[in-house]
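Worksheet: the structure to be examined is printed underneath.
The values are calculated or read from the model by the stated rules, or taken from the named source; none is laboratory data. If you're wondering where the values come from, they're calculated on a predicted model, not measured in any experiment. Glycine also receives a Cβ, built like all others from the backbone with ideal geometry; neighbour counts cover every protein chain displayed. We work out accessible area using only protein heavy atoms, side chains counted, and drop any ligands, DNA or RNA first. Shrake-Rupley method; radii C 1.70, N 1.55, O 1.52, S 1.80 Å.
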Amino acid sequence: MLYLLIAGICFFTASENKLFAQKIELGAGIGGLNYKGDISPSLRMRFFRPAGSLFFRYNPNQALSLRAELMMGGIGAADRHSDDPLLVARNMSFKTRILEGSAVAEYNFLNFVDRRFAINWSPYVFGGIGYSKFNPDIQTSSYKTSGFVLPYGVGIKYQVRRPWNIGLEFGSRKTFTDYLDNLGGEPVNKEKLQQGDPSVKDTYYYLRLSVSYTFYKIVCP
């Protein structure tokens, strides 16, 4: 069955091998994750944690790109770095590892086109849907640690030299959980300082620098 699958892919791409291949990119990114929630109500640079990703991009036309990506990293924050005396007095902190899979569409403002002898770059916006699994270092109650997210953001891509491309991207993830920081939902502690705000869901962000390779020929066995 595996042989038949490979043969089918080869048959599908053989007639338009060059055209089809130029639409495909494989890439990797490295950067950092950040978080906004009960322990860090605003985005703060000091809370960036390392993250990395692998992605597949398909470019059906000049303006549109479709991307599937797998990302892994960590988030964390601590009350002791807050400017709010109440949060400093609460003195809570957390660390959480995140694994995310996503599928997004990119809109290229400058009609990103593959060209051999031209400077080729474009800013873009993206949006889509994803699913994330988070693993807190400390879990104080039996809340759900996975769920859907909505990734969206902006970026810029540049073809350095055929077939290599680089990109810089900043994206936000709208989540439907208040437990990324192990502090959320209905109050489970009578101490007000130990409670979060269940009306506001947690958010995390991904800033990454990427490198991708465009395939100009698909070689079939």
Report task. Calculate, in nm to one decimal, what Leu207 and Tyr152 gain on full extension: separation in residues at 0.36 nm each, minus their alpha carbon distance. Result -> 18.6 nm
Query raised in the report: When the solvent-accessible surface of protein heavy atoms is calculated with a 1.4 angstrom probe, in what order do Leu26, Leu183 fall, highest first?
Result: Leu26, Leu183
Query raised in the report: Equivalent-ellipsoid semi-axes (√(5λ), Cα gyration tensor) for segment 51-182, whole Å, largest first?
Result: 37, 16, 12
Report task. Rounded to the nearest 0.05, what FRET efficiency do Leu26 and Ala103 give with R0 = 22 Å and r taken as the Cβ-Cβ distance? Could you check? Result -> 0.90
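Which FRET efficiency, nearest 0.05, do Thr140 and Arg162 yield, Cβ-Cβ r, R0 45 Å? Present the calculation step by step, with values, prior to reporting the outcome.
On the way: r = 53 Å, r/R0 = 1.17.
In this case the efficiency is close to 0.30.
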Query raised in the report: How much length is gained on full extension from Tyr131 to Arg46, taking 0.36 nm per residue of separation minus their Cα-Cα distance?
Result: 28.0 nm
